[in-house]
Amino acid sequence: MKHTLHNHAIVIGGSMAGLLAARVLSDHFNRVTILERDTVSPEPESRKGQPQTQHLHGLLATGLQVMTRYFPDLPKALLDGGAMMGDFAGVMNWYSYGGYRKQFEMGVNATTMSRPLLESLVRARVVALPNVTLMDNTAVKQLLTTPDRNQVTGVEVEARGNGQTTQLLANLVVDVSGRGSRSPQWLEALGFEAPPTSEVKVDVGYATRTYRRNPADPRGKTWTLITPEAPKETRFGGMFPIEGDRWIVSLGGWAGDHAPTDPEGFLAFARSLPAPDIYETICRAEPLSDITPFRFPLSLRRHYEKLTRFPKGYLVLGDAISSFNPTYGQGMTSAALQTRELEKLLAKNTPLENLAITFFKQASKVIDIPWQLAVGEDFRFPATTGPKPAGTDLINRYVEKVHRATLHDEVVGMAFLKVMNLMAPPPSLFHPRILWRVLRAKPTNPQPSFKSVESVAGD
């Protein structure tokens with residue numbers, strides 16, 4: 001099928017989802033312009049509008065696969081940049097429900113790096129495309145439309161340095177500006193309905209610090225998570241090896257049980273976790289940064305798929321549609337999967353005037369799975385409030401048994417990690433082969449796989 005090549009697309013937002021959207025659009029438009037409010041450095045750094053990028057980030061296996069499809073040299077670039085890569089379950093050191101999940105070879109890679117490194121590598125590849133332009137320090141003031149307001153024709157932008165305004169015309173405008181998207185307000189101003197929303201309040205907060213990592217330390221080949229057995233535990237911790245011979249450590253909790261930001265309190269919080277891995281490492285490591293807090297009050301989903309009217313020439317994508325509890329590491333992968341759905345529609349020559357309604361229905365199917373996983377886990381905590389899907393408590397009782405079975409059984413572990421990585425749908429955990437293994441799992445816990453600092457030093 002011969003692809004229709006449109007003239008100009010505008011992407012509002014230059015973070016990961018916006019970059020991936022621009023990559024897809026570059027195959028179907030003569031020109032693509034990315035508009036970013038912040039100053040963008042070619043070097044890896046956290047921008048003012050990205051407070052979450054200073055914290056530990058997980059890139060699920062499916063997200064890496066989608067990104068590699070768009071940028072085949074990305075895995076090598078990550079390794080060259082100092083990222084760590086290994087078999088997802090083979091380098092896993094994950095304590096939960098009283099023990100460590102059993103390690104095994106899963107056949108897909110896990111990659112640990114800072115979010116700024118990943119984003120800088122993706123951005124460099126996107127802006128190197130001959131038909132893509134990035135305009136930073138540029139704020140979108142309003143949408144431009146036809147006189148009847150039924151079609152978006154571009155945007156009015158303001159240069160943040162001198163306040164000069166300019167009108168940019170386009171065949172398609174895509175809002176990928178994140179959780180703070182102004183699309184609901186813009187839609188109402190044009191006479192359309194804003195999308196209905198779902199909010200699940202979790203009151204999650206965490207704090208992050210980086211430490212010097214000895215490159216000879218064998219623990220630097222693994223990623224560590226300590227997650228709570230809800231509802232009796234609320235605290236979690238993560239410690240990932242990243243570029244620059246550093247550890248990035250995030251500590252936090254649900255329902256207001258947040259990590260302190262003073263050094264003594266931060267260490268005490270690490271020591272209070274049900275496994276010693278993180279505390280035993282950072283209590284003797286050299287801190288390289290201040291302790292930075294981040295609070296996430298609620299998961300938010302805007303149901304654009306429920307709208308029956310929407311302006312032509314306009315789309316919304318990424319966190320601007322749905323932002324999940326970040327402790328599950330789904331955000332970048334959800335955005336990547338949404339851009340893949342956009343790519344499929346454009347490859348079919350879907351007319352731009354019909355693109356939005358069709359895309360929102362497809363994107364909703366993508367979002368349903370991570371939303372179901374995140375919200376289901378969050379409702380293990382009694383303080384969580386919001387629309388609770390029917391059957392959540394019953395499913396959670398079974399999934400608790402799944403968690404315990406993963407401590408011993410790599411078959412159940414494989415099924416669980418495939419769902420977690422958005423490689424398989426949640427009902428796959430109820431397949432008779434898995435169900436039988438879960439229900440017959442022994443209640444005893446395995447011996448911890450953690451090695452103390454002293455034993456590592458003696459190896």
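Read-outs throughout are calculated quantities, based only on the coordinates presented, and are distinct from any laboratory measurement. Because the structure is predicted, anything quoted here is derived from the model rather than measured. A quick note on method: Cβ atoms are made from the backbone with ideal geometry, for glycine too, and the neighbour counts reach across all protein chains shown.
Put in order of Cβ neighbour count within 10 Å, fewest first, the listed residues Met106, Met85 become Met85, Met106. Annotation: the residues Val152, Val249, sorted from fewest to most other C-beta atoms within 10 Å of their own C-beta, follow the order Val152, Val249. Entry note, the chain: the mean residue ellipticity at 222 nm calculated from DSSP H runs of n ≥ 4, each adding -39500 (n - 2.57), is -9500 deg cm²/dmol after division by the residues and rounding to the nearest 500. Annotation: extensible slack from His303 through Gln65 equals 83.0 nm (criterion: 0.36 nm per residue apart, minus Cα-Cα distance). Here the relative contact order of the stretch 200-297, from alpha carbon pairs under 8 Å that lie six or more residues apart, stands at 41 percent. Going by neighbour counts of Cβ atoms within 10 Å, the residues Asp378, Asp409, Asp257 line up, fewest first, as Asp257, Asp409, Asp378.
Under the rule a/c < 1.5 gives rounded, and otherwise a/b versus b/c splits prolate from oblate, where does the stretch 200-297 land using the Cα gyration tensor? Prolate shape, in that a/c is at least 1.5 and a/b is the bigger ratio. The GluC sites (Glu not before Pro) of the stretch 168-211 that DSSP puts in a loop, and whose beta carbon has at most 16 other beta carbons within 10 Å, are Glu193. Axis angle, to the nearest 10 degrees, between helix 352-378 and the longest C-alpha principal axis of the chain: 20 degrees. If the chain linking Leu394 and Leu129 were pulled fully straight, counting 0.36 nm for each residue of separation and taking away their Cα-Cα distance, it would gain 90.4 nm. Placing +1 on each Lys and Arg Cβ and -1 on each Asp and Glu Cβ, with no other charges, gives the chain a dipole about its Cα centre of roughly 1040 debye.
Just for the stretch 1-147, what percent of DSSP beta bridges are antiparallel, to the closest 5? Let's see the in-between values first.
Values: 7 of 17 bridges.
For the stretch 1-147, the DSSP antiparallel bridge percentage is about 40.
For the set Lys102/Lys401; Lys201/Lys388; Lys306/Lys365; Lys232/Lys418; Lys102/Lys418; Lys365/Lys418, the pairs lying more than 21 angstrom apart at their alpha carbons are Lys232/Lys418.
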